[in-house]
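Presented below is the structure to which this report refers.
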Amino acid sequence: MNALKSIQLRLIISIIICLVVPVQAVSQASELDYLVAAVLKQTPMKEDLRQLCDEIGGRPTGSKANLKAVEWAMKKFKQAGVIAKKEKFTMPKYWSSRSTEALISGDVSFTADAAAMPFSTDTPAAGLKAPLIDLGRGTEEDFTRVGDKAKGAFVFIETGELLDIEGLFGEYARATDIEKRAFAAGVAGIVYMSSRPKGILYRHNASRGPKNKHPMLVMERDQAKRVLRLLRAGKTLFLTAKIDIETGGEYGSFNVIGEIPGSEKPGEFVVIGAHIDSWDLGTGAVDNGCNVVMLIDIARQMKRLNIKPKRTIRFILWNGEEQGMRGSWQYTRTHAHELDRHVMACSIDIGTGRILGFFTNGRKELVEPVNRALKPVQGLGPFQQIDVPIVGTDNYDFMMQGIGNLVANHDPFNYPTNYHAESDTFDKVDFSQLKLNTAIIAALTYGFANMAVTWKRQTRAEIQNLIDTTDLKRQMKMFYLYKIWLDGSRGRQ
Ligand SMILES: [Zn+2]
């Protein structure tokens, strides 16, 4: 086919398209096409993540690095021409680990590498010495077998190697029960074998958060295995734990909000969020810097292309997520008067594996709109929505306010093995996949900001029904969230 004929043919096709497709649909489809093309090209996203991870580093809420990250994010939004604001909220308790030492003594002596678990208590400067006893996997039977010997001792918990996301969920679920049994038995403290190989330490959240009253630590896996072999060979061992923690009372932290005002319905909101805080052993690349820079980049490209969504889009970088999802909780209180007009709130928090679809969190009426929003990028799929409620990231308080909420479901890839660990660094991010994920989230955001809305905010009774008819109650109890829902202090009144 020669060039002229080809041009003529294309002209005829485009005239036909103009005749059969309403003008509005054509302009919207092309707007999103431009946006998707823009986020797939070379953008400052990778350099942004390098700055956030390598230059600012690990950024627990309450740290200087965290405040730096907030200012950095404000600057990034402003440089992109996006309206940016910080919203202050109060964190209940400051916690920061200075150092942790674990000295083994008794029949055999050596020093083991260890990390304090978040909200572990400190010990006297000379250390806290107590017998170290083998508590197996910390089951009910294990505690029964050991009986009174657990009292006043450091209980040592064996773990399997963490391989996948199920393993990670399992670790959380077991830890809540282990802590309950251990504290009821009057232990001096808890020592977990690190579930990660190759000497990797991490900060596994204690289930009670700031309410924890015991020293708790994770011991390097190979040394922990040696401890276990010695104990099972009948040796008597003691642990002297030296945990130096800086603690304090309430303090202020900030969410960062980048806003693109709606052109037709500025009073209706779509929230796309990723948490900017991290733990401090690594530099928070996979959890969750990668998705922070993704949101900044989508906002940047929307602004650059002068895209005007019908509804207001809030790109929110949550703070305090790792310490009880405090930033998103506060947002639902600060913006209580606007919540009826929040159409959807999505969290992206599972690393850089391929986005497989979205958790619709028990709101099956959202499955079809999500499918619709993803249609323009279906080549990056297939996508499958999973309609079960999940607890553990910043969708939670939106779910408990009855707002349509989503969590991006990723191929776990290297997320579980680097979770909260020393190894969560810039080099773990798969940038080609992050680019494709950015296009997916851009399409989802754009779709929800423009589509007709057929779903409503749920009442408290409807939310209670969701809790009663799904796995939600169990998950809420695991995170100590159920009582405060029942008494009305967290969630829709
Ligand atoms: Zn996270």
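The values are calculated or read from the model by the stated rules, or taken from the named source; none is laboratory data. Treat the numbers as computed from the prediction; the structure is a model and nothing was measured. Backbone-built Cβ (ideal geometry, glycine too); neighbour counts: all protein chains shown.
Looking only at helices (runs of 4 or more DSSP H) that fall completely inside segment 369-451, which ones have 3 or more residues that are within 18 Å of Gly357 (Cβ to Cβ)?
Values: elements: 396-399, 415-418, 431-450.
Those helices (runs of 4 or more DSSP H) span 431-450.
Restricting to segment 143-202, name every residue that is over 18 Å from Thr417 (Cα atoms) and free of Cβ contacts under 8 Å to residues at least 12 places away in the same chain.
Filtering segment 143-202 for residues over 18 Å from Thr417 (Cα atoms) gives 143-157, 176-191.
Of everything in segment 143-202, those that are over 18 Å from Thr417 (Cα atoms) and free of Cβ contacts under 8 Å to residues at least 12 places away in the same chain turn out to be Thr144, Arg145, Gly147, Asp148, Lys180, Ala184.
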Would you mention how many residues in segment 273-308 are within 16 Å of Leu434 (Cα to Cα), among the β-branched types (Val, Ile, Thr) and away from the ligand (no atom under 16 Å from the Cβ)?
2
Does at least one position in segment 375-387 carry a residue that is within 16 Å of the ligand (Cβ to nearest atom), of a type in the set (A, V, I, L, M, F, W, C) and touching a residue at least 40 places away in the same chain (Cβ under 8 Å)?
no
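Answer with yes or no whether Thr352 is on the phi < 0 side of the Ramachandran plot, assigned to a loop (DSSP other than H, G, I, E, B), surrounded by 24 or more Cβ atoms within 10 Å (Cβ to Cβ) and in contact (Cβ under 8 Å) with a residue 24 or more places away in the chain.
yes
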Where Gly209 falls short, out of the listed (1) more than 22 Å from Asp113 (Cβ to Cβ); (2) at pLDDT 95 or above; (3) in contact with a Gly (Cβ under 6 Å, 6 or more places away or on another chain):
(2)
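Do any helices (runs of 4 or more DSSP H) entirely within segment 43-151 hold 2 or more residues that are at pLDDT 95 or above and in contact with a strand residue (DSSP E or B) (Cβ under 7 Å, 6 or more places away or on another chain), and if so, which?
Details: elements: 45-50, 64-79, 140-146.
Ranges flagged: 64-79.
Yes or no, residue by residue, for (1) among the β-branched types (Val, Ile, Thr); (2) under 22 Å from Ala112 (Cβ atoms):
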position	(1), (2)
Phe169	no, no
Phe183	no, no
Phe238	no, yes
Val256	yes, no
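Collect the residues in segment 431-490 that are aliphatic (A, V, I, L, M) and closer than 14 Å to Met400 by Cβ, keeping them in residue-number order. Break it down stepwise before answering.
Let us first name the residues in segment 431-490 that are aliphatic (A, V, I, L, M), namely 434, 436, 439-444, 449, 451-453, 461, 463, 466-467, 472, 476, 478, 481, 484, 486.
Those that are aliphatic (A, V, I, L, M) and closer than 14 Å to Met400 by Cβ: Ala461, Ile463, Leu466, Ile467, Leu472, Met476, Leu481, Ile484, Leu486.
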Is there a residue in segment 241-249 that is closer than 27 Å to Tyr419 by Cβ, in contact (Cβ under 8 Å) with a residue 40 or more places away in the chain and buried (at least 23 other Cβ atoms within 10 Å of the Cβ)?
yes
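Among what's in segment 180-217 and is among the hydrophobic types (A, V, I, L, M, F, W, C) and part of a loop (DSSP other than H, G, I, E, B), pick the residue that is surrounded by the most Cβ atoms within 10 Å (Cβ to Cβ). Explain how you work it out, then say what you get.
Just the residues of segment 180-217 that are among the hydrophobic types (A, V, I, L, M, F, W, C), to begin with: 182-185, 187-188, 190-191, 193, 200-201, 206, 216-217.
The next check asks that each one be part of a loop (DSSP other than H, G, I, E, B); those that pass are 185, 187-188, 200-201, 206.
On the way: Ala185: 18, Val187: 25, Ala188: 22, Ile200: 22, Leu201: 23, Ala206: 20.
Applying the filter and picking the extreme gives Val187.
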Within segment 316-344, how many residues are crowded, with 21+ Cβ neighbours inside 10 Å and away from the ligand (no atom under 16 Å from the Cβ)?
5
